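The values are calculated or read from the model by the stated rules, or taken from the named source; none is laboratory data. Model, not experiment: these values are computed from the prediction. For neighbour counting, all protein chains shown are included, and Cβ atoms are generated from backbone atoms with ideal geometry for every residue, glycine included.
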Amino acid sequence: MTVANAPNDPTANVPNDPTAPNDPNALSRTPLDSRHRAAGARMVPFASWEMPLEYTGIAAEHLAVRTRAGLFDVSHMGEIEIAGKDAVAAVQRVVCSDPARLDRGQAQYAGLLTPDGTFLDDLVVYRLAPTHFLLVVNASNVAKDFAWISEQVKAAGGAVAVDSSSRYALLALQGPAAPEALQPLTGVELAAIPPFGFAFGEVAGARVTIARTGYTGEDGFEIFVPPNMADRVWQAILESGRPVGVVPAGLGARDTLRLEAGMRLYGNDIDDTTTALEAGLGWMIGWSNERFIGRDRLLQQKEQGVARRLVGFEMVDPGIARHGYRVTQQGEPVGVVTSGTQTPYLKKAIGLAYVPAALAGAGSELAVDIRGRQARARVVPLPFYKRGRDAVSG
Amino acid sequence: MPYPDDRRYTKDHEWIRVAGDVAEVGITDYAQQQLGDVVYVELPDVGAQIAAGQAFGSIESVKAVSELFAPMAGQVMEVNGDVKQHPEAVNRDPHATWMIKVRLSNPGEAAALLDSAQYQKLLG
């Protein structure tokens with residue numbers, strides 16, 4: 001048996017080769033590294049970090065998040081702050097939502113776009129103060145994003161950009177039991193934080209920012225913690241959450257959860273060759289923002305229509321479609337699978353793929369080339385899983 | 001989990017248990033640990049000829065797909081329908097979960113495969 005991982009699947013790493021040269025400086029470790037190892041996590045290299053892939057198993061952790069709650073260490077994520085008297089205009093230039101429409105304490109999902117309207121990254125932008133914004137970006141893109149943002153912000157003047165990634169550890173507590181597990185540890189009234197809202201306060205005695213955001217399709221919180229307090233907050237949440245079944249969860253479950261919830265992964269589903277309109281993310285574009293880079297191209301594409309679309313599909317025939325597999329029609333390649341797995345909760349083989357616009361409607365019959373076999377698949381509406389709609393039955 | 005002495009192993013992490021000219025084939029505990037949660041197993045049809053060292057099927061976990069390699073040559077006599085229905089059995093009890101039964105072309109070839117001690121040495 002040899003494991004043939006899809007090359008771009010960030011979770012598809014096999015453990016470090018024990019015979020490889022020991023170079024402890026090669027990968028960064030989060031402040032919770034020793035906790036993960038003590039808990040028996042399988043650690044894998046991911047975006048120059050050593051991160052927990054799974055503790056007890058991807059499926060068990062996935063189900064825990066859907067039915068109770070899971071605690072993720074996502075300290076590898078990057079943080080870039082933009083501040084100054086003209087910060088609004090500067091942020092409006094670099095993100096494709098309209099950050100001017102955010103109140104203090106609100107956040108938005110957005111893209112960081114090239115002049116061609118394609119993705120340099122996707123991110124969440126938080127308005128910390130009237131002229132102070134925080135952008136949470138993908139770990140693999142921090143250096144690229146910061147170089148690009150700095151250049152743009154400098155050109156605009158009146159604001160500065162700072163890479164503050166090292167100032168934050170980031171914990172994500174996700175699942176229906178998240179409020180119950182977190183509330184006893186904080187004076188912040190969690191029920192008063194709406195989705196995509198956030199508040200400043202304390203958790204277990206640490207000064208934190210608590211945001212009602214996440215990447216799992218569940219209710220939950222992302223908690224920005226000073227690195228030296230991360231261990232204390234992590235332990236406190238696990239302890240407080242034990243009676244309601246909170247468990248640590250790794251990047252493997254994070255990936256299957258986000259896919260089930262229809263969320264795109266940068267590097268798999270979106271990148272600098274795809275636009276928000278092609279990726280089905282037109283809703284994230286803030287057309288009221290006339291400053292953002294890439295706007296003209298997106299407007300043009302919106303008027304002309306897109307030639308291909310990212311769709312969700314379910315396998316009809318047995319088999320699992322994986323990143324990079326061809327979508328075919330009468331044996332001819334017409335598209336490509338960008339993400340695919342068998343999901344632990346819905347227990348279906350699902351995936352995302354770019355297909356010609358004519359094949360993008362729900363119900364369209366596709367075929368996926370699974371290692372030489374043309375397996376039938378069907379386009380289904382996204383998301384595959386929606387909280388509330390697809391609750392556990394029986 | 002111990003690696004039973006009643007069978008042979010390959011460096012690709014399959015096991016084969018030979019009884020006369022018939023053998024059961026499965027994957028090792030090490031292999032299932034590397035895979036994680038197994039969700040799908042693709043196996044050949046009864047009657048298929050398999051060649052030593054060649055892929056005879058595939059096994060998929062949530063995060064990866066792997067090929068299954070035949071430890072020895074022969075003809076598939078039986079396919080384990082239970083493992084197709086309940087692939088998680090491979091994680092639960094890998095050494096009791098055979099995938100195919102094979103009528104061996106040359107049962108003597110088993111001597112060339114690893115025994116339990118040699119296999120465990122390979123794992124380090």
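Numbers for the structure displayed
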read-out: A:GLY351 touching a residue at least 40 places away in the same chain (Cβ under 8 Å), surrounded by fewer than 19 Cβ atoms within 10 Å (Cβ to Cβ), of a type outside the set (A, V, I, L, M, F, W, C) and within 14 Å of another protein chain (Cβ to nearest Cβ); value: no
read-out: Some residue of the stretch B:78-86 being surrounded by fewer than 17 Cβ atoms within 10 Å (Cβ to Cβ), modelled with pLDDT under 95 and more than 22 Å from A:PRO318 (Cα to Cα); value: no
read-out: Residue list for the stretch B:82-118, filter: in a helix (DSSP H, G or I), of a type outside the set (D, E, K, R) and within 13 Å of chain A (Cβ to nearest Cβ); value: B:GLN85, B:VAL90, B:ASN91
read-out: Selection within the stretch B:14-42 - hydrophobic (A, V, I, L, M, F, W, C), more than 19 Å from B:LEU114 (Cβ to Cβ) and more than 11 Å from chain A (Cβ to nearest Cβ); value: B:VAL22
read-out: Members of the stretch A:341-357 that are under 18 Å from B:VAL39 (Cβ atoms) and of a type in the set (Gly, Ala, Ser); value: A:ALA349, A:GLY351
read-out: Identity of the residue in the stretch A:293-340, of a type in the set (Val, Ile, Thr) and free of Cβ contacts under 8 Å to residues at least 60 places away in the same chain, that ends up farthest from B:ASP37 (Cα to Cα); value: A:VAL306
read-out: Residues within the stretch A:240-254 that are part of a loop (DSSP other than H, G, I, E, B) and under 18 Å from the mean Cα position of the chain (by Cα), tallied; value: 1
read-out: Members of the stretch A:318-345 found to be part of a strand (DSSP E or B) and of a type outside the set (A, V, I, L, M, F, W, C), listed by number; value: A:ARG326, A:THR328, A:GLN329, A:GLU332, A:PRO333, A:GLY335, A:THR338, A:SER339, A:GLY340, A:THR341, A:GLN342
read-out: Test: residue in the stretch A:297-306 that is at pLDDT 95 or above, within 24 Å of A:VAL137 (Cα to Cα) and not assigned by TED's automatic domain parsing to the domain that holds A:GLY217; value: yes
read-out: Lone qualifier among A:THR67, A:THR131, A:THR118 - being in the same structural domain as A:ALA249 (by TED's automatic domain parsing) and surrounded by fewer than 24 Cβ atoms within 10 Å (Cβ to Cβ); value: A:THR67
read-out: Criterion violated by B:ALA52 - all others in (1) buried (at least 17 other Cβ atoms within 10 Å of the Cβ); (2) part of a helix (DSSP H, G or I); (3) away from chain A (no Cβ under 11 Å) satisfied; value: (2)
read-out: Number of positions in the stretch A:334-347 that are surrounded by 16 or more Cβ atoms within 10 Å (Cβ to Cβ) and within 14 Å of another protein chain (Cβ to nearest Cβ); value: 8
read-out: The listed residue being within 20 Å of the chain's Cα centre (by Cα), surrounded by fewer than 20 Cβ atoms within 10 Å (Cβ to Cβ) and more than 16 Å from A:MET263 (Cα to Cα), out of A:GLY372, A:GLY324, A:GLY361, A:GLY331; value: A:GLY324
read-out: Residue identified as among the hydroxyl-bearing types (Ser, Thr, Tyr) and over 30 Å from A:HIS323 (Cα atoms) among B:SER105, B:SER66, B:SER58; value: B:SER105
read-out: Residue match in the stretch A:2-23 (condition: at pLDDT 95 or above, part of a loop (DSSP other than H, G, I, E, B) and either closer than 27 Å to A:GLY245 by Cβ or within 14 Å of chain B (Cβ to nearest Cβ) (or both)); value: no
read-out: Single condition A:ALA47 does not satisfy, out of (1) at pLDDT 95 or above; (2) surrounded by fewer than 22 Cβ atoms within 10 Å (Cβ to Cβ); value: (1)
read-out: Total residues in the stretch A:249-269, condition more than 30 Å from A:GLY282 (Cβ to Cβ) and surrounded by fewer than 24 Cβ atoms within 10 Å (Cβ to Cβ); value: 0
read-out: Scope the stretch A:276-317; condition assigned to a loop (DSSP other than H, G, I, E, B), in contact with a strand residue (DSSP E or B) (Cβ under 9 Å, 6 or more places away or on another chain) and under 17 Å from A:VAL94 (Cβ atoms); matching residues; value: A:ALA276, A:LEU281, A:ILE285, A:GLY286, A:ASN289, A:PHE292, A:ILE293, A:GLY294
read-out: Answer from A:ALA236, A:ALA230, A:ALA253, A:ALA279 - the residue that is under 19 Å from A:GLU54 (Cβ atoms) and at pLDDT 95 or above; value: A:ALA253
read-out: Subset of the stretch B:60-88 (residues that are of a type in the set (Val, Ile, Thr) and in contact (Cβ under 8 Å) with a residue 40 or more places away in the chain); value: B:VAL83
